[in-house]
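What follows is calculated from the coordinates using simple rules that are stated; it is not laboratory data. Everything numeric here is computed off the predicted structure, so don't read it as measured data.
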């Protein structure tokens, strides 16, 4: 007898043995079985109905099935002797739908039975799969739990182990802790570093430009040019601090200032050692974090561009940065993100942590303002990088600037300076950093000389000279202007990097032993450009003086033998030649720059601003420049009288006492 038949007390004709209860496809035709003393006539479709009820009992359980049938208003139907009502009751239970009320027709019953069997088969298959999955999950949880318990036991055993640290390791630990307690005083550069923008001397124009470009709602990437030791890094840091207080700037109050040096950064094509852009530690070769390596997961390491997100990335000596790295940095500036790549990354691996997946798929944020500083010419920078940056030039420091820096530093050191100490230091350097180092050395000498009396330190000229002798310092300026005019001698101007300098040019002329067979000599070390300037000047001499240089033995010399990279000495060479031939003296308080054309025109040259600085350093009072360079410098720069000229005749008028 079926489970359902016994439970619901159905009529005897629906009874069947347990062996007859099988899940089979319904058969439309009913087969009659002859009556015997033990059996009655049972149609195959009734077997299918009983089998379906038994399956429901197996799935739901007898008690739950009765309760479910009652809730679904199917209890009366499944106890009915009517086959159609029982099928309707089955439908309500199987589909859990109490609203079904249409009695199926006889010819529909086989199809309905098949559909319900398929439906129950799917349910049983799903439950079987869920049971298997649940078993696997439980087994895995148990395995992880055992591993966790094992790790805890190991940790406890390690902590309680009798194998304590050796006396040697404990002694080394004590040495390390003792060293950590020792702190030297901060460096002199840290003590004397400017704390506000007013302490940065001689860079008023550069700082004004820097503030305008960083304190804007749309801050710009910048490249700062200038000689070393003039305050480029400090100015950038202090301007950022000030910009953070402005309500209209995008910088937060805690905006980072990340500083690095281009000389230490190199491009790594393998992508495993790139502190600037970031790198990827693969799990096999580069040793990712242990838990990641065990799972074969690469670990991306964001670089300085991400550390600087929301602030400033300052790259000192950016001109030394590798060309490929400059191109990579350019891409980061455009994308405002740094991307990572690894052959070991599998985006569909469920074990990959979400932050690693995010770094690989979206990249690391890198929205910052780039400030690069360099002591080299713009030629060394990627043109594409330069085109995305505003450029600011920091000016070389004058002796007056150096003196001010020395006086400010002495005040912070609580030291007094003897007369002329600041002025003497300014003769040995044009770098603020170097001037402070000289002062610090002299401070130490004075402290020893005064038997460590730190309350009354007096730095004398002898202290400065002692430092200069020990450090083998030589005066930075060796060429000085004079109020006495000289024949055949003139000051030209050159520039190296961002520092202008005075070039001493001298010429001497003698009547040739044989007319028309004079010799022109010029020191070859000055370079081919300077030699071309000599030939151009020689042509103009004849035009202006009607003198043929071939009637003279002429020797032109660049004192010091320095290489002149450019034609800017042409006008100075012309004036020296005319002075040597005509014996007219040249003023020694003027300096001149400008290319000379064979038609006697003074053509424009580069580096006029830096050359004016060099002239000022040498004590020059008057500067003669090409007319086309007149707008390159203010007329009163460094206290110089600047005279723009268009022709050689105009230059001669300023150079000679009389023409």
| said: Just to confirm the number: angle between the C-alpha axis of helix 399-412 and the first principal axis of the chain, 0 to 90 degrees, nearest 10? | reply: 60
| field | Helix 204-214 vs. the chain, principal-axis angle (Cα, 0 to 90°, nearest 10) | value | 20
| Tilt of helix 570-582 relative to the longest C-alpha principal axis of the chain, in degrees (0 to 90, nearest 10)? | 10
| query | What does the convex hull of the Cα atoms come to per residue for the stretch 585-629, in Å³? | reply | 73
| request: State the antiparallel share, in %, of DSSP beta bridges confined to the chain, rounding to the nearest 5. | output: 45
| query | How much space per residue, in cubic angstrom, does the convex hull of the C-alpha atoms of the stretch 402-470 take up? | reply | 69
| task | Specify whether the C-alpha gyration tensor of the stretch 191-393 places it in the rounded, prolate or oblate class, a ≥ b ≥ c being the square roots of the eigenvalues: rounded for a/c under 1.5, otherwise prolate if a/b is larger than b/c and oblate if not. | result | prolate
| task | State whether the stretch 307-346 is rounded, prolate or oblate according to the following rule on the C-alpha gyration tensor (a ≥ b ≥ c being the square roots of its eigenvalues): a/c under 1.5 gives rounded; otherwise a/b larger than b/c gives prolate, and the remaining case gives oblate. | result | oblate
| request: Would you mind calculating the gained length between residue 126 and residue 139 on full extension (0.36 nm times residue separation, minus the Cα-Cα distance), in nm to one decimal? | output: 2.7 nm
| For the chain, convex hull volume per residue from C-alpha positions, Å³ | 339
| What are the principal axis extents of the Cα atoms in the stretch 486-655, in Å, biggest first? | 50, 29, 25
| message | I need the shape label for the stretch 376-523. Rule: rounded when a/c is under 1.5, else prolate if a/b > b/c, else oblate, with a, b, c from the alpha carbon gyration tensor. | response | oblate
| query | Per residue of the chain, what 222 nm ellipticity follows from adding -39500 (n - 2.57) for every DSSP H run with n ≥ 4, rounded to the nearest 500? | reply | -13000 deg cm²/dmol
